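Working notes, structure below.
The values are calculated or read from the model by the stated rules, or taken from the named source; none is laboratory data. Worth saying up front: this structure is predicted, and the values here are computed from it rather than measured. Cβ placement follows ideal geometry from the backbone for every residue including glycine, while neighbour counts extend to all protein chains displayed. These accessible areas exclude ligands, DNA and RNA; they are computed on the full protein's heavy atoms, side chains included. Shrake-Rupley method; radii C 1.70, N 1.55, O 1.52, S 1.80 Å.
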Amino acid sequence: MCGIIGYVGNKPAAPLLLQGLARLEYRGYDSAGLAVADWGGLTVCKRQGRLAVLEEAVKGLHLPQTVGIGHTRWATHGRPSDGNAHPHVSESGLFAVVHNGIIENYASLRRELEADGVVFRSDTDTEVVAHLLEQVYDGDVKTAVFTVLSRLTGAYALGILCADRPGELFAVCKASPLVIGVGAEEQFIASDVTALLPYTRQVIWPAEGDVVRLTASDCILWDATGQPVCRQAEQVMMEAMAADKGEFPHFMLKEIMEQPAALEATLAPHLTDTGVRLEELEGLFADWRQVHRLVIVACGSAYHAGTAAKYQLERLTGLPTEVDLASEFRYREPPLNPYTLVVVVSQSGETADTLAALREAKRRGAPVVAVVNVAGSTIARESDRVLHTQAGPEVAVATTKGYTTQVAMLGLFAVWLAHKRGSLSAVQGTSLLHALQALPAVAARALEQPHLCRLAEKLARQEQVYFIGRNTDYAVALEAALKLKEISYIHAEAYAAGELKHGTISLIEEGTPVVALACHRGLQQKLLSNIREVTARGAQVVTVTTEEQAPLFAEEGEVLILPDTPPLTAAVVEAIPMQLFAYYVAKARGCDIDKPRNLAKSVTVE
Ligand code: M6R
């Protein structure tokens, strides 16, 4: 996580760094800092807390320098504090460093430096880099950087300033994202291309291990072996991220409301009058009947999207489908071969574990398709094929439209693959196509929940909430519980409804809230029994169901009624009121909804 930004050009760097940090703050917001350089040396300003605190501190400073680096932190080593904020500076103030990633061998390096008399000012892993640079520096920054890199293990994107070279900005990337922005008489580095879009659309993606030296007019790259290397600049087509919330009090609410449009943008390019088209996948297999297994790999909400898709993929294609957490998959030595199709799912396209899983899958010979929202992200660039969701920029840390567009895209993929494998009848194909065509409109109706705010306020003082469901309802329960936890800090758990009685039901007592997700056709009677099991033990149940099935649950406490929707699209429609529920609960509890504590939008450390 953490966001890094750097600038070298002819304009004062500090305001540009602050603007860049504002676009990167989603990556972490424990502290923020910047360093600028001129012949007078390095000037550093850093503060614990949100970027606004740093902005306030910088107001009192005269900062005309035209080269600088900035950082917004998600703490890994050392608690949030001014001292642990980046940039970190070497003892004599010669080098300043910002870092995204983890230096895994920092403890032994620190012991070594301390034995040499170096005094550390922070608890971070990053500070060793600044001190090592100063220790090995003999007037050539490039050589010093390569010497230090040879001592580091772990993942790092680094921005480096040297007081001896105030017209130059150095950067490095290994297993952490970094992009170079090429402007007219100015150059940038950033953790994410969206931070560069207001200034330039010409970008260079350094390769693993590249070292970069930027001046206002020049960009020089060396590969990991130290050889000069030319990397082509590319034109980025993305739009700059909408910087304001418009009429909405929070980005999360805005993004929830944008879902019908995001779903339309994701689905429409792939729907024809007669079926589904995914030109991006054509040719990956000569014959898609060769695929004998699917493995979906992702983290967090993307994993929940994969869990919902598993039910549809198995039902429609007949293919055995596994879903795994990327952090588990990458280390479990999964048996893969060229006929196992691995599908990685990621909104940001930068999640470290998902990226590592992708690389592991490719190393083991499996073709990889990515479902990704951010075009040009590392996962998009490294996958064999990409299915782009069109959610647009998602700013709130808790994903909403990112998740629902992933579910929609995976549903589209399930229909397409079933068609390719000949496992769909014409009648089934037509009815699935209609379900996908109708989804944006049905999602718009799902947003109309007049009673939800009152219900959320009623439950806002609870300590725990359970979500139960079967089949795709269970997948949505997982996502609903995560949403509630991450933004309201209420302890929430999801259970497959039939599983509760195998232990967890012991936690149900008088008044325990249980949200029963009951949209899946065919399992309503089973779910009704599970609802009765918890109400018999005093639970207060809220049932979420469809218009068609609502009469069955009329006697079961509060009932939220959603538009009817077939299994293929139910996980989208049902998730929407659960997002709103979490939002209103968090609002009633006075939580920081867009930037919940301890979280970051893009998890680029494992
Ligand atoms: O960018 P990704 O889709 O790879 O992110 C995966 C998770 O980190 C993400 O979904 C996370 O769980 C969100 N905070 C959920 O709201």
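Here is how the numbers come out for the structure above:
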| item | result |
| --- | --- |
| Debye, to nearest 20: dipole size of the range 499-606, +1 on Lys, Arg Cβ, -1 on Asp, Glu Cβ | 320 |
| For the chain, with +1 on Lys and Arg beta carbons and -1 on Asp and Glu, the positive-most of Ala356, Ser346, Gln525 along the dipole | Gln525 |
| Ranked packing of 455-461, 151-157, 401-407, most packed first, by mean Cβ within 10 Å | 401-407, 151-157, 455-461 |
| For peptides 521-527, 325-331, sequence by mean Cβ density within 10 Å, most packed first | 325-331, 521-527 |
| Amide H within-cut-off set for Gly154, under 5 Å, with H built and near neighbours excluded | Glu104 |
| Only Lys, Arg (+1) and Asp, Glu (-1) charged, at Cβ; the chain dipole about Cα centre in debye | 680 |
| For the range 192-199, 3J(HN,Hα) per residue [Karplus equation, 6.51 cos²θ - 1.76 cosθ + 1.60, θ = phi - 60°, Hz, x = Gly/Pro] | 8, 4, 4, 6, 9, 4, x, 10 |
| Hydrodynamic radius of the chain per Kirkwood, over alpha carbon pairs, in Å | 25.4 |
| Portion, in percent, of the accessible area of the range 73-193 that falls on carbon or sulfur, probe 1.4 Å | 48 |
| Within the chain, percent of DSSP bridges classed antiparallel, to nearest 5 | 60 |
| Cα long-axis angle, helix 300-317 against the chain (0 to 90 degrees, to the nearest 10) | 50 |
| For Val542, distant residues with modelled amide H under 5 Å away | Val514, Val515, Ala516 |
| Overall form of the range 171-286 per C-alpha gyration tensor (a/c, 1.5; a/b vs b/c) | oblate |
| Modelled FRET efficiency - R0 45 Å, Gln235 with Phe120, Cβ distances, 0.05 increments | 0.55 |
| Backbone HN-Hα couplings from phi across the range 18-31 [Karplus 6.51/-1.76/1.60, Hz, Gly and Pro as x] | 5, 5, x, 5, 4, 7, 10, 4, 4, 7, x, 8, 7, 6 |
| Residues with amide H under 5 Å from that of Val371, placed H, sequence gap 5 or more | Val344, Val345, Ser346, Leu387 |
| Extreme residue, positive dipole direction of the chain, given options Leu214, Val442, Phe170 (C-beta unit charges) | Val442 |
| Length-normalised contact order for the range 452-588 - Cα pairs under 8 Å, 6+ apart - percent | 32 |
| Anisotropy class of the range 452-588 from Cα gyration tensor, a/c 1.5 cut | rounded |
| Euclidean distance between Cα centres, the range 312-336 to the range 244-294, Å | 21 |
| Spatial separation of Cα centroids for the range 527-568 and the range 77-103, in angstrom | 52 |
| Value at 222 nm in deg cm²/dmol, rounded to 500, when DSSP H runs of n ≥ 4 in the chain each add -39,500 (n - 2.57) | -10500 deg cm²/dmol |
| Highest average packing first - 477-488, 5-16, Cβ atoms within 10 Å | 477-488, 5-16 |
| Accessible carbon and sulfur surface of the range 452-588 relative to its total accessible area, %, 1.4 Å | 49 |
| Shape category assigned to the range 2-242 from the gyration tensor of Cα positions, a/c cut at 1.5 | rounded |
| Tilt relative to the chain, helix 106-115 - C-alpha long axis, 0 to 90 degrees, to 10 | 30 |
| Cα long-axis angle, helix 426-446 against the chain (0 to 90 degrees, to the nearest 10) | 70 |
| Accessible-area ranking of Asp223, Asp164, Asp123, largest first, probe 1.4 Å | Asp123, Asp164, Asp223 |
| Whole-Å distance, taken between Cα centres, linking the range 363-385 and the range 398-461 | 24 |
| Point-charge dipole on Cβ atoms (K/R +1, D/E -1) for the range 310-399, about Cα centre, debye to 20 | 220 |
| Karplus-derived HN-Hα couplings along the range 519-525 (A = 6.51, B = -1.76, C = 1.60, θ = phi - 60°), whole Hz, x at Gly and Pro | 9, 6, 5, x, 10, 4, 5 |
